[in-house]
Amino acid sequence: MWFWNKKHTIAASGILAGATDHHSHILPGVDDGVESMEEALRVLQKYEKAGIKAIWLTPHIMEDVPNTAGKLTKRFDELKAAYNGNIELHLAAEYMIDNHLHKLLQDCHSEPQGGISTPKENTLLPIGEKGNHLLVETSYFNPPMRLHETLKQIKSIGYHPLLAHPERYMYMSKEEYIELHEDGVKFQLNMPSLAGCYGTAVKKKAEWLLGEEFYTVAGSDLHSEDAIEFITNCKLGKQEVEHISTLLQNKL
């Protein structure tokens, strides 16, 4: 059972100092996240003041937002050229588990070499310093039709699935989380989830997943400049701060 004393905001807790944000939508003008280069630069400036060391930019790729690695890389290069701060910027993507991803994974196989399939260069945008994780998500309310098949596909081309904000999937049971964890799927926590910013049900799931030590990394899932205050003003208890601080220092 979870017990906390006095709560502190994320900003006041100091856990963002030296942190790595593994999930954000700061790359401008490519999805439902930050809209302009000017807004993106303001967000990075505020995050720099908060002490964040590194950010993974993870724009959506899905049937409704069919971004390509080439398009996103070009936009990423433009952002890096415009930004002169100290935060380490990294590009990946957040892939919806849908038919579009299924096709990308099929196309990702090159000619077998020695009976082993190898991924083509630049087809996907993986996350992590070693480039061997793929950030994926599902609908919040409905399970994808080929969840386990897709996860198996991801592994078959040499990537480890990293499930974005699993606490927000209302259809998932504890048994399903356990099965995914035992199957090698890693989990990424949205920091505001533990503060109840997405509702009580999400908070309870996040507490349980954290208690089971299923999470590997954490992120903000920031979509706009206005969301910075929403995230940094979320209040956390002492034990939550300690756990999230560890996740924010973790690297893939």
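The values are calculated or read from the model by the stated rules, or taken from the named source; none is laboratory data. Please read all numbers here as calculations on a predicted model, not as lab measurements. Methodologically, a virtual Cβ is constructed for each residue, glycine included, from the backbone with ideal geometry; neighbour enumeration extends over all protein chains shown. These accessible areas exclude ligands, DNA and RNA; they are computed on the full protein's heavy atoms, side chains included. Shrake-Rupley method; radii C 1.70, N 1.55, O 1.52, S 1.80 Å.
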- Query: Conditions: (1) hydrophobic (A, V, I, L, M, F, W, C); (2) open to solvent by 20 Å² or more (accessible area, probe 1.4 Å); (3) under 23 Å from A93 (Cβ atoms); (4) modelled with pLDDT of 95 or more. L252 meets all but one. Number of the miss?
  - Reply: (4)
- Task: Say whether the condition of being in contact with a helix residue (DSSP H, G or I) (Cβ under 6 Å, 6 or more places away or on another chain), of a type in the set (A, V, I, L, M), surrounded by 15 or more Cβ atoms within 10 Å (Cβ to Cβ) and closer than 30 Å to A11 by Cβ is met by at least one residue in the stretch 198-207.
- Result: yes
- Note on the structure: Output for Cβ contacts, cut-off 7 Å, separation at least six or different chains, first residue without any contact (Cβ under 8 Å) to a residue 60 or more places away in the chain in the stretch 10-30, second surrounded by fewer than 22 Cβ atoms within 10 Å (Cβ to Cβ) and polar (S, T, N, Q), reads P28/S36; G29/S36; V30/N67
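Could you tell me which residue of the stretch 21-50 is nearest to the chain's Cα centre (by Cα), considering only residues that are hydroxyl-bearing (S, T, Y) and open to solvent by less than 10 Å² (accessible area, probe 1.4 Å)?
Narrowing the stretch 21-50 to residues hydroxyl-bearing (S, T, Y): 24, 36, 47.
Narrowing the set further to residues that are open to solvent by less than 10 Å² (accessible area, probe 1.4 Å) leaves 24, 47.
Working: S24: 7, Y47: 17 Å.
My answer is S24.
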- Any hit, the stretch 92-100, residues being at pLDDT 95 or above, closer than 25 Å to T246 by Cα, buried (at least 16 other Cβ atoms within 10 Å of the Cβ) and among the acidic types (D, E): yes
- Can you give me the number of residues within the stretch 211-230 that are touching a helix residue (DSSP H, G or I) at 6+ places or on another chain (Cβ under 6 Å) and open to solvent by 10 Å² or more (accessible area, probe 1.4 Å)? 4
